[in-house]
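Q: Take this structure first; my questions come after.
A short reminder: the numbers here are calculations on the coordinates, not readings from a lab. Worth saying up front: this structure is predicted, and the values here are computed from it rather than measured. Note: ideal-geometry Cβ built from the backbone for every residue, glycine included; neighbour counts use all protein chains shown.
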Amino acid sequence: MGTVQAVQNASGTLDERLVEMALQMLTDHPAEHLSLRRVAEELGVSHQAPYVHFGNKRTFLAAVAGAGLQEAADQAVAALAVSGGDPVRRLHVLMAVYISFIRERPHVHDLAYGPLVNKPDHPRLQRAANAYWNLLHDTVAACQPAGIPEPELLRRCAAAWGTVYGIARLGALDQIPSSVPGDIDSLLHEALDTLRLGWQASGSVGPHR
């Protein structure tokens, strides 16, 4: 059974079926090319159905982004559940799952974290974003020396996320010089280790000016 037919035959409310169909369409096309009319047509419902259930396209896209991001967060939770108790291993596992999300569902990732929608546009997206951030927060926190204040921990979370995303993005765009040894995954793991060693060495520090 094809993906479209599977969604058409799936049980669930129409709003959920609309979201699921849009997620399936994002497998091959970026959100900028997502047509609400086409989503409705694939389900055999009125062209107005997405607007009836979500009000406007931005809210609909935010709901779709929330559903996709929640799936990714659930996968991260599952991976961490079997990763053991070592904080360093858990940090690398979380990074690997996030990179898989970027590589396997790039259009969903870019919708969730791109300019088309904001987190408050739909409660589903806000909840999913909070869930993923909390995973990052707790995983990074476990790798810190004692006494790190919360503001510093938040900066370190942002730095870890930005480092991983930045390297992954540069690699995807083939912008890392070929003279740099190692593949992208090796660079990512090494970058995390460098950050972690810096955390341990610096202890509690404030932002640099």
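Q: Excluding His137 itself, what net charge comes from residues whose Cβ is under 11 Å from its Cβ, given Lys and Arg +1 and Asp and Glu -1?
A: Local charge sum for His137: -1.
Q: Between beta-carbons, use under 12 Å as the cut-off and find the net charge around Glu190, counting Lys and Arg +1, Asp and Glu -1.
A: Result for the neighbourhood of Glu190: -2.
Q: Kirkwood Rh, Cα Rg: Rg to Rh for the stretch 113-200?
A: Result: Rg/Rh = 1.04.
Q: Divide by every residue of the chain the summed helix terms, -39500 (n - 2.57) for each DSSP H run of at least 4, and state the resulting mean residue ellipticity at 222 nm, rounded to the nearest 500 deg cm²/dmol.
A: -22500 deg cm²/dmol
Q: Looking at the chain, do any whole DSSP H helices span at least 18 angstrom along their long axis by alpha carbon and average 0.5 or above on Kyte-Doolittle, and which?
A: Within the chain the helices that satisfy the rule are 57-81, 87-104.
Q: Note down the net charge around Ala67, summing +1 for each Lys or Arg and -1 for each Asp or Glu among other residues with Cβ under 10 Å from its Cβ.
A: Spelling it out: positives minus negatives among the neighbours equals -2.
Q: Would you please report the Å³ per residue occupied by the convex hull of the alpha carbon atoms in the stretch 74-166?
A: 105 Å³
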